[in-house]
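No value in this document is a laboratory result; all are computed from the given coordinates. Predicted model only: the values in this text are computed from it and were never measured. Neighbour counts run over all protein chains shown; Cβ positions are idealised from the backbone, glycine included.
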Amino acid sequence: MTKFNELSLPEPLLRAAKDLAFESPTPIQEQVIPWMIDNEEDLIALAQTGTGKTAAFGFPALSLTDIERHAVQTIILCPTRELCLQISKDLESYAKYMPRIRITAVYGGAPIYTQKAALKAGAHIVVGTPGRVNDMIRQGVLKLETVKLLILDEADEMLNMGFKEELFEIMKHTPAEKQTLLFSATMPKEVASLANGFMKNPHRISVGGENKGAENIKHYYYKVHAKDKYHALKRIADMSPKIYGIIFCRTRTETQEIADKLQHDGYNADALHGDLSQGQRELVMSRFRSKYVKLLVATDVAARGLDVDDLTHIINYNAPTDPDVYIHRSGRTGRAGKSGISLTIVHSKEFAALKAIEKRLGREIEHSKVPGGREICEKQLYHFVDNVERIEVDTEQIESFLPNVYKKLSWLSREELIQRFVSVEFNRFLNYYKDIADLDIVGESSAPKFNDKRSFSFSSFKINLGYVHSMNKRELMRYINRLKVARSIEIGQIDIFGEYSVIQIDSEYEKQLLKAIPKNKWNGLPVTVSVVAPQRERKRRENETSRGPRKKGPKA
């Protein structure tokens, strides 16, 4: 097996690679690095997500840079600002012992003047998103006449995001005599067409079956009714006490709503989507990488460039309609030889999409039963006991407190002490999951069982806050959570109108909410609340459905 220090790279790059613990190159690195150094032809490189493509093109790009020539020699284009920042950060780490090389990142969502200043100061390598790169070219700040290397990273995703016109516009400003390299996880017709349009007889390197899916990833699906997806998601998370994963949703709105619900229910979760500012996105990603956030709820676009090696789970809240999207997502787990799990929560109408994914994946996705209450409690309990067994006891720190603790608990037997010890930690789980409903759909026409104590009955509350007060679903959920009526309250449908909102909340807490809401202002505004009668609520929904949302509703 080839060692990284055997590759034909300059000594400063090999020294940086050693610092970064690059011992043996991945298959894509082993083929691409020497090829780029020895050849000037165009290249198409296909490899699974997470196989080290950045190092594959990054090390040779740095090696081929003429430091004495103060002009842009390499332009790297990628689909998102997160990936742009990640590539720039990686290149800077590779160039640790080449301090004179200048690498500049240009991307949207950040002040353009700082990026302009960096370009004017001089850059050898520019990493950018197509939109911002085009802006810089139009404003005359970025000149590409001296480019020798054009690298397209995640070309399939750039086309999926509609950057085809921007890519061709950028290429018009590059020299005809240059080397073009296209890196992609998949090779759909659109990418092949793009390559035919601007590449000259490209050499092709393919590693790992063009992202067919790693063998060390297990694939499962859960079949539930659409309205039960969130409850199934919570059970899946509870069944995996060490879970560290990404939950993929289709839209920004759904992403934020699921994250808000998870936070409300006590999970370390956060959202990543296009409505967040760059500062907010960086904070979320930092918290996720540090594992303070265990569950990241994200859209595909926002999660591009989020490079985390030890994810345990990828969860598809809906079955992706594009099989390649599923493969992109699942490739984020099971990296570096580790095992991973890719889960999909589907309802009956999503089975066609699931079958298409199986065909593209080249294997069957196994059906799994949504965990029941007893098995979840058992799993959590044994995980807790394992943690107790492994905990390091600092006797010196707690020694002075122990005599009083021993005296306080001396009346309890060993068995009673363990029972209370377990109950302190597990009463919440035991109470929530006691006799909980079965969510699985056994057959196409089967319905889940709801003849148990945890089936929810909702009351509809009308609150005098709406769009005119800048109220939205997220803020309303936060407001209800701040009331601290209970640790976890089930929330149903939320409708925001002009001057008021209607929210469904577990009717068990109706009296407490009617007392608590008027006592708690929202952004300094007094809040009034009333319960909407079921019949009146049905009529109101019918009226609102036929008319559409009104800017102004009746006075509360």
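So how strong a dipole does the range 461-523 carry about its Cα centre when Lys and Arg Cβ are +1 and Asp and Glu Cβ are -1, to the nearest 20 debye?
Details: 11 positive and 7 negative charges, 76 e Å.
So the magnitude is around 360 debye.
Mind checking the angle between helix 81-94 and the chain's longest principal axis? C-alpha axes, 0 to 90 degrees, to the nearest 10.
Around 50 degrees separate the two axes.
Along the charge dipole of the chain, which of 317, 150, 357 sits closest to the positive end, that is, farthest toward it, with unit charges on the beta carbon of Lys, Arg, Asp and Glu (+1, +1, -1, -1)?
Farthest along the dipole direction, towards plus: 317.
Suppose a student asked you for the relative contact order of the chain, using Cα pairs under 8 Å spaced at least 6 residues apart; what percent would you report?
On the way: 943 pairs, mean separation 67.9, N = 556.
Dividing the mean separation by the residue count of the chain yields 12 percent.
Run lengths n ≥ 4 of DSSP H only: what is the helix-derived mean residue ellipticity at 222 nm for the chain, with -39500 (n - 2.57) per run over all residues, to the nearest 500?
-12500 deg cm²/dmol
When a footprinting reagent is the concern and you count Cβ atoms within 10 Å, what order do 402, 430 take, fewest first?
Placing the least packed residue first, the sequence is 402, 430.
If the limit is 22 Å between Cα atoms, which of 359/379; 434/511; 89/120; 53/294; 3/148; 229/462 go over it?
Cα-Cα > 22 Å for 359/379; 434/511; 53/294; 3/148; 229/462; rest within.
Points 7 angstrom from Cα along the Cβ direction at residue 507 and residue 68: gap in nanometres?
With each label point 7 Å from Cα toward Cβ, the separation is 8.4 nm.
Could you give the dipole magnitude of the range 374-433 about its Cα centre, charging the beta-carbon of Lys and Arg +1 and that of Asp and Glu -1, in debye to the nearest 20?
Taking the Cα centre of the range 374-433 as origin, the dipole is about 340 debye.
Based on other C-beta atoms within 10 Å, arrange 243, 87 from fewest to most.
Ranked by crowding around the Cβ, least crowded first: 243, 87.
Counting Lys +1, Arg +1, Asp -1, Glu -1, what net charge surrounds residue 253 among other residues with beta carbon under 13 Å of its beta carbon?
Working: positive: 250, 252, 261, 473, 474; negative: 254, 257, 260, 275.
Surrounding charge for residue 253 is +1.
Can you compute 3J(HN,Hα) from phi for each residue in the range 141-148, using the Karplus curve 6.51 cos²θ - 1.76 cosθ + 1.60 with θ = phi - 60°, rounded to whole Hz and x for Gly and Pro?
8, 10, 10, 10, 5, 9, 5, 9
Helix 351-361 versus the longest principal axis of the chain: what is the Cα-based angle in degrees, 0 to 90, to the nearest 10?
Between the helix axis and the principal axis of the chain, the angle is about 40 degrees.
For residue 206, list long-range residues whose amide hydrogen, built 1.01 Å from N in the peptide plane, is under 5 Å from its own amide hydrogen.
Placed amide hydrogens put 46 under 5 Å from residue 206.
Indicate, rounded to the nearest 5 percent, the antiparallel portion of the DSSP beta bridges found entirely in the chain. Intermediate results must be reported in sequence, preceding the final value.
Working: 16 of 67 bridges.
Antiparallel bridges make up about 25 percent of those DSSP assigns within the chain.
How far is helix 189-198 tilted off the main Cα axis of the chain, in degrees rounded to 10, range 0 to 90?
30
Can you give the Rg/Rh ratio of the chain, where Rg is from the C-alpha atoms and Rh is the Kirkwood radius?
Computed over Cα atoms, the ratio is 1.03.
Determine, for 78, 84, the number of other Cβ atoms within 10 Å of each Cβ, and report the residues in order from fewest to most.
84, 78
Put +1 on the Cβ of each Lys and Arg and -1 on the Cβ of each Asp and Glu in the chain; which of 131, 518, 388 then has its Cα farthest toward the positive end of the dipole?
518
Collect residues whose amide H, placed 1.01 Å from N in the peptide plane, falls under 5 Å from the amide H of residue 316; neighbours closer than 5 in sequence don't count.
Answer set, sorted by chain and number: 248, 343, 344, 345.
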